[in-house]
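The next block holds one structure in the form of structure tokens; read it before the comments.
The values are calculated or read from the model by the stated rules, or taken from the named source; none is laboratory data. Computed from a prediction, not measured in an experiment: that's the story for all the values here. Reconstructed Cβ throughout: ideal geometry from the backbone, glycine too, with neighbour counts over all protein chains shown.
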Amino acid sequence: MKQGIHPNNYKTVVFKDMSNGTTFLSRSTAHSSETIVWEADGKEYPVIKLEISNTSHPFYTGKNVLVDTAGRIDKFNKRYEKKQK
């Protein structure tokens, strides 16, 4: 690794996946004003909220997310009908 380009101020934080509530402890340079008590040791750590993590991402879970295609198709058909008339 190149010297002098990596941060030195890593601290222990809790990452929380907001889609399913899963939490994990890691190190990061990200700042947060919110804190959470980690269950394993009872200590309080800053919490970084994530929209998606490996526990909820379709690639890692193997589950596909259902997309509302019917609503999109209906919307397209309504637009197309107006142009036909």
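Results, tabulated for the structure shown:
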| quantity | calculated |
| --- | --- |
| Residue satisfying all of: in the stretch 23-63; charged (D, E, K, R) and under 17 Å from the mean Cα position of the chain (by Cα); nearest to residue 6 (Cα to Cα) among these | 27 |
| First in the stretch 17-40 and touching a residue at least 40 places away in the same chain (Cβ under 8 Å), second anywhere and loosely packed, with under 14 Cβ neighbours inside 10 Å, Cβ under 9 Å, 6 or more apart | none |
| Residue ID - surrounded by the most Cβ atoms within 10 Å (Cβ to Cβ), chosen from residues in the stretch 56-85 that are modelled with pLDDT under 80 and of a type in the set (S, T, N, Q) | 56 |
| Residues satisfying the stated conditions in the stretch 34-55, i.e. over 11 Å from residue 14 (Cβ atoms) and either surrounded by 10 or more Cβ atoms within 10 Å (Cβ to Cβ) or at pLDDT 95 or above (or both) | 52, 53, 54, 55 |
| Condition check for residue 1: modelled with pLDDT under 90 and either surrounded by 10 or more Cβ atoms within 10 Å (Cβ to Cβ) or in contact with a Lys or Arg (Cβ under 9 Å, 6 or more places away or on another chain) (or both) | no |
